[in-house]
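K.L.:
After the structure tokens below, expect a handful of questions from me.
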Amino acid sequence: QVQLVESGGGLVQAGGSLRLSCAASGRTSGRYRMGWFRQAPGKEREFVATITWIGGSTYYADSVKGRFTISRDNAKNTGYLQMNSLKPEDSATYYCAASGGGSVGDPTKYQYWGQGTQVTVSS
């Protein structure tokens with residue numbers, strides 16, 4: 001089992017920044033990548049970014065490229081999502097997830113999920 005706990009959400013004005021954290025515990029060895037997804041009310045869960053634990057290869061949704069940066073600190077078993085130039089359409093509950101492999105943007109390939117953290121961007 002892997003436990004994931006997100007933090008860092010909040011209310012920010014458009015153009016502002018937030019950094020989300022995802023602390024992992026439990027049997028984290030063997031987890032291939034960590035991803036961030038988001039879900040706004042009435043919408044499907046949407047892929048945001050992912051990073052491999054070994055090597056640090058990253059992938060981003062087109063909607064966040066150039067504004068968001070995903071990173072990880074293996075020593076701390078913690079992943080991060082730095083979000084800059086935030087827009088109202090970025091408002092959502094953000095979830096981190098751990099995957100053993102498979103399609104980077106497919107939420108069904110992620111076996112473990114955090115409880116989510118709310119991000120609200122005001123215009």
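The values are calculated or read from the model by the stated rules, or taken from the named source; none is laboratory data. Since we're looking at a predicted model, the values are computed, not measured. Glycine gets a Cβ as well: all are built from the backbone with ideal geometry, and neighbour counts include every protein chain shown. Each accessible area value is taken on the protein alone, full model and side chains, heavy atoms only, with ligands, DNA and RNA left out. Shrake-Rupley method; radii C 1.70, N 1.55, O 1.52, S 1.80 Å.
K.L.:
Please build a GNM for the chain, connecting alpha carbons under 10 Å apart, and tell me which residue among G35, G16, G55 fluctuates the most.
P.N.:
G55
K.L.:
Please compute the per residue accessible area over the range 2-100 with all protein chains in place, 1.4 Å probe, rounded to a whole number of Å². Each step should come with its number before you reach the end.
P.N.:
On the way: 4800 Å² over 99 residues.
Here the residues of the range 2-100 average 49 Å² of exposed surface.
K.L.:
Cut-off 10 angstrom, C-alpha nodes, Gaussian network model of the chain. Which of A49, A92, A75 fluctuates the most?
P.N.:
Among A49, A92, A75, the largest mean-square fluctuation in the Gaussian network model of the chain belongs to A75.
K.L.:
Okay, moving on. Could you give the length gained by full extension between D106 and E44, i.e. 0.36 nm per residue of separation minus their alpha carbon distance, to one decimal place? List each step's numbers first, then the result.
P.N.:
Details: separation 62, 0.36 × 62 = 22.32 nm, distance 1.19 nm.
Length gained between D106 and E44: 21.1 nm.
K.L.:
Let me ask another. May I ask you to list the lysines whose Cα is less than 30 Å away from that of K43, ignoring any residue fewer than eight positions away on the same chain?
P.N.:
Within the straight-line cut-off, K43 pairs with K65, K87, K109.
K.L.:
Related question: Given R₀ = 30 Å, what would the calculated FRET efficiency be for S57 paired with Q3, taking r from the Cβ atoms and rounding to 0.05?
P.N.:
Numbers: r = 24 Å, r/R0 = 0.80.
Once rounded, the FRET efficiency stands at 0.80.
K.L.:
Could you work out, for the range 1-56, what percent of all Cα-Cα pairs fall into each 10 Å distance bin, beginning at 0 Å and stopping at the bin that holds the largest distance?
P.N.:
Taking all Cα pairs of the range 1-56, the binned fractions are 18, 45, 30, 7 percent.
K.L.:
Please state the charge dipole magnitude for the chain, taken about the Cα centre, from unit charges on C-beta atoms (+1 on K and R, -1 on D and E), reported in debye and rounded to the nearest 20.
P.N.:
Details: 13 positive and 8 negative charges, 52 e Å.
Its charge dipole is roughly 240 debye.
K.L.:
How far apart, in nm, are two points set 7 Å out from the Cα along the Cα-to-Cβ line at A75 and at S25?
P.N.:
Those two pseudo-labels are separated by 2.1 nm.
K.L.:
Still on this model: Express the carbon and sulfur contribution to the solvent-accessible surface of the chain as a percent, rounded to the nearest whole number, probe 1.4 angstrom. Intermediate results must be reported in sequence, preceding the final value.
P.N.:
Working: 2880 of 6150 Å².
That share works out to 47 percent.
K.L.:
Just to be sure I understand the curve: with the Debye formula and one point per C-alpha of the chain, what is log10 I(q)/I(0) at q = 0.17, 0.21, 0.22 Å⁻¹?
P.N.:
-0.77, -1.18, -1.30
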